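Some notes on the structure that comes next.
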Amino acid sequence: MSHRYALFLKAVCVALIMALGPLVTANVVLNNFAEHRARSDLQATTQQYISRAETVLNDAVALLRHLANRGISSCAMDSRRQFGKMLVANGKYVQIGVADAQGFPMCLVPERPLIGVPILPKLETVSPRIAISLAPQIDQGVRSALVSWRLSDDRRLFVQLSPAVMELGAGAHYLAKDSRIELALSGQELWVEKGRLQISKGASVPLPSQSTRNMSDTLIEQLDSGFYPLSVTVTTSRNAVNALVAELKVVAAIACAIGAIVMVGIGIWFAWRPASEAEDEFVKAIKNDEFIPYYQPVIDIFSGELKGCEVLMRWRQADGSMVPPGQFMTYAEASGHIFEMTRRMMRLVASEVADLYSSNPDLKLSINLFAGHFKDDKILKDVLEVFEPSKIELSQVVLEVTERQPLEDIDLARKLIASFQARNIRVALDDVGTGHGGLAYLQKLGMDILKIDKMFIDPMGSDDNTAGIVDIIVELGDNLGMGIIAEGVENYNQILYLRNLGVTSAQGYVFSRPIPASEFIQYARDIETGIMNPIKHLDEKYAPESAGNKDAEQGAA
Ligand code: C2E
Ligand code: CA
Ligand code: CA
């Protein structure tokens, strides 16, 4: 997956999380708000109904007490006249009358024929002084309540309340169309029954005092009277509750969708914007094959024979200027461009020096890799893809792994190295002694070749005792049966020192700098044909007769 594509996917994921998070939160917050608001509206409705019922009942009781205390409690003309006055003065009552212990009316005001039907429940022996009952007629969901006062002779004075006294609204308008209000007298039918909401029978059974019951699709509030056996229950559907915030939810969803689109847009822009002019220039340079191989010969310091070369990358810019890897390699590796650059460079190598290598099967060709190449086996595929079809044998290929950067997964690196070796590809540990791995790498990774860094070659032949390190590295390499190549050899003294240690292979400016393919091929041909012998030429120059020769000392210095 390309770096940009991964960045894009990451941006989309972040955008979705950042958009969905607020959406879910907004929904939860709005639902909570709606429920909270609906509950307080329902509670207000229950309070309203209970208060009204208590007030009208209190008034009726006060009236009855007043009449009874004054003896205005019989069917005599006087009493009935007083009843009539009370009715006129109080629009709340539809009739006042006297009933016997069985509940049959003895007289009614306004006057009506007594048809022999009980108007009050039969008196029980323990009946309270004040009783409330309901008349059978219903007017728009409200029954007529009867409040009676038990007289000493078990007759009862009663008033019948107008249904209109309980004509109250159905609560908050957004709930009203989808709710139900039930005012119940305990043990009797409903006094008030309002609202269109259909609820199961069970739900309309009076609920325990002051409780709040939740059902998944309804919201219920219930309140009992503190004075009378009265209970009001208001039920509303969740749909009605949610309707309160439905519009806000749409607004929140739109805002979150816009947020998500903006975030994805920013993500796309970040992922595909030209990272920088330098990045664009770099990518263009890769496509134009501006990163080319240079070749530094590796020489047998005893015979002067050519052993092979190290391939070193150069950036040949469009204007012809040559940029060394020190100036671009860190970026190439950090950005991941190095993978493509290595692939392309290997292809160029395979085409440039194929003939030279096929006619000299002992020549080795070293390619530099970096730690990132050892994170998976893509590099194995790349190397095989380039060299298997080429005239360069896999056995001529050496892969250099630097010790300067740590290998993240040593086990994987070990397996990869073993896979190379199984195909006769050799692996060299570069810059030994300068980096992270040290002895551990040598032991664990099973390398074939060890390259001594220029840093340890430089002080050779001088008094600086770091030269002793080379002795140790060489001994170690020998013990492990590894080939050894000295790097950065710049003078004849170093050659003498290396010879003394038994090191045979070296590369360095003393023989040649890294050179383009044509020059390297010429260099190789000159050695092959005997026109030039890089070591003989040095031996003759600095030690024509013996070591310690004055010229040689001067040349070596
Ligand atoms: P390296 O692999 O240690 O390569 C040896 C470096 O020492 C090369 O530098 C070479 O030009 C330089 N050198 C060789 N002999 C002498 C000498 O006698 N005197 C002096 N002063 N220098 C000498 P170069 O070509 O600049 O490469 C620097 C580093 O860049 C390499 O160090 C290697 O780590 C990296 N590099 C070069 N090409 C590639 C590549 O294709 N892929 C990767 N991943 N890294 C590369
Ligand atoms: Ca190298
Ligand atoms: Ca090196």
Practice item. Filter segment 531-557 for residues that are in a loop (DSSP other than H, G, I, E, B), open to solvent by less than 60 Å² (accessible area, probe 1.4 Å) and at pLDDT 50 or above and give the result. Key: 532, 533, 543
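Report, by residue number, each residue of segment 286-302 that is of a type outside the set (Phe, Trp, Tyr) and either within 30 Å of residue 504 (Cα to Cα) or open to solvent by 40 Å² or more (accessible area, probe 1.4 Å) (or both). Explain how you work it out, then say what you get.
Just the residues of segment 286-302 that are of a type outside the set (Phe, Trp, Tyr), to begin with: 286-290, 292-293, 296-301.
Listed by number, the residues that qualify are 287, 288, 289, 292, 293, 296, 297, 298, 299, 300, 301.
Name the residue that is farthest from residue 487 (Cα to Cα), counting only residues in segment 300-321 that are part of a strand (DSSP E or B) and away from ligand 2 (no atom under 16 Å from the Cβ).
Step one: list which residues in segment 300-321 are part of a strand (DSSP E or B), which gives 300, 306-316.
After this cut, where a residue has to be away from ligand 2 (no atom under 16 Å from the Cβ) as well, the list is 300, 306, 315-316.
Values: 300: 13, 306: 15, 315: 22, 316: 24 Å.
Filtering segment 300-321 for residues that are part of a strand (DSSP E or B) and away from ligand 2 (no atom under 16 Å from the Cβ), the one farthest from residue 487 (Cα to Cα) comes out as 316.
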Study note, to complete from the structure: Taking segment 429-452 and keeping residues open to solvent by less than 20 Å² (accessible area, probe 1.4 Å), within 22 Å of residue 502 (Cβ to Cβ) and more than 14 Å from ligand 1 (Cβ to nearest atom) leaves 442, 447
Review point. Given segment 322-362, what helices (runs of 4 or more DSSP H) lie entirely inside it while holding 1 or more residues that are at pLDDT below 95 and either of a type in the set (D, E, K, R) or in the same structural domain as residue 290 (by TED's automatic domain parsing) (or both)?
Key: 329-335
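For residues that are more than 13 Å from ligand 2 (Cβ to nearest atom), modelled with pLDDT under 85 and of a type outside the set (S, T, N, Q), tally how many sit in segment 407-443.
We begin by selecting, within segment 407-443, every residue more than 13 Å from ligand 2 (Cβ to nearest atom); these are 407-426, 433, 436-443.
Checking the rest, the ones that are also modelled with pLDDT under 85 come to 433, 436-443.
Now drop any that are not of a type outside the set (S, T, N, Q), which leaves 433, 436-442.
The total comes to 8.
Residues are listed down the side, and each one gets a yes or a no for (1) part of a loop (DSSP other than H, G, I, E, B); (2) at pLDDT below 95; (3) in contact with a helix residue (DSSP H, G or I) (Cβ under 6 Å, 6 or more places away or on another chain):
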site: 470; (1), (2), (3): no, yes, yes
site: 477; (1), (2), (3): no, yes, no
site: 490; (1), (2), (3): yes, no, no
site: 497; (1), (2), (3): no, yes, no
site: 521; (1), (2), (3): no, no, yes
site: 526; (1), (2), (3): no, no, no
Review point. Here are 131, 164: which of them is crowded, with 17+ Cβ neighbours inside 10 Å and among the hydrophobic types (A, V, I, L, M, F, W, C)?
Key: 131
Practice item. Would you be able to say whether some residue in segment 380-402 is open to solvent by 60 Å² or more (accessible area, probe 1.4 Å), part of a helix (DSSP H, G or I) and away from ligand 2 (no atom under 15 Å from the Cβ)? Key: yes
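Kindly evaluate residue 264 against the criterion of being farther than 16 Å from residue 51 by Cβ and open to solvent by less than 20 Å² (accessible area, probe 1.4 Å).
On the way: farther than 16 Å from residue 51 by Cβ: yes; open to solvent by less than 20 Å² (accessible area, probe 1.4 Å): no.
Against the criterion (farther than 16 Å from residue 51 by Cβ and open to solvent by less than 20 Å² (accessible area, probe 1.4 Å)), residue 264 does not qualify.
Take residue 45 and tell me if it is open to solvent by less than 20 Å² (accessible area, probe 1.4 Å) and not small (Gly, Ala, Ser). Break it down stepwise before answering.
Numbers: open to solvent by less than 20 Å² (accessible area, probe 1.4 Å): yes; not small (Gly, Ala, Ser): yes.
Against the criterion (open to solvent by less than 20 Å² (accessible area, probe 1.4 Å) and not small (Gly, Ala, Ser)), residue 45 qualifies.
Among residues belonging to segment 272-285 that are part of a helix (DSSP H, G or I) and without any contact (Cβ under 8 Å) to a residue 24 or more places away in the chain, point out the one that is most open to solvent (accessible area, probe 1.4 Å).
In the first step, residues of segment 272-285 are kept if they are part of a helix (DSSP H, G or I); the result is 272, 277-285.
From what is left, the residues that are without any contact (Cβ under 8 Å) to a residue 24 or more places away in the chain are 277-278, 280-281, 284.
Working: 277: 162, 278: 66, 280: 73, 281: 102, 284: 132 Å².
Only one residue tops the list, namely 277.
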Check your understanding: Quick one: in segment 490-514, which of the residues that are of a type in the set (Val, Ile, Thr) and open to solvent by 20 Å² or more (accessible area, probe 1.4 Å) is nearest to ligand 3 (Cβ to nearest atom)?
Key -> 510
Check your understanding: Just a yes or no: is a residue in segment 82-97 assigned by TED's automatic domain parsing to the domain that holds residue 65, out of contact with any Lys or Arg (no Cβ under 7 Å at 6 or more places or on another chain), open to solvent by less than 50 Å² (accessible area, probe 1.4 Å) and in a loop (DSSP other than H, G, I, E, B)?
Key -> yes
Point to revise | Subset tally (residues that are crowded, with 19+ Cβ neighbours inside 10 Å and of a type in the set (Lys, Arg)) for segment 303-324 | key: 1
Check your understanding: Here is a list of conditions, (1) without any contact (Cβ under 8 Å) to a residue 12 or more places away in the chain; (2) crowded, with 18+ Cβ neighbours inside 10 Å, and residue 269 meets all of them except one; can you say which number that is?
Key -> (2)
Review point. Since residue 353 meets every condition but one in (1) away from ligand 1 (no atom under 11 Å from the Cβ); (2) surrounded by fewer than 18 Cβ atoms within 10 Å (Cβ to Cβ); (3) of a type outside the set (Lys, Arg), which condition does it not meet?
Key: (2)
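The values are calculated or read from the model by the stated rules, or taken from the named source; none is laboratory data. Remember, predicted model here, so these are calculated numbers, not experimental data. Quick reminder, even Gly has a Cβ in these numbers, built from the backbone with ideal geometry, and neighbours come from all protein chains shown. To get the accessible areas, we keep the full protein, side chains included, count just its heavy atoms, and leave off ligands, DNA and RNA. Shrake-Rupley method; radii C 1.70, N 1.55, O 1.52, S 1.80 Å.
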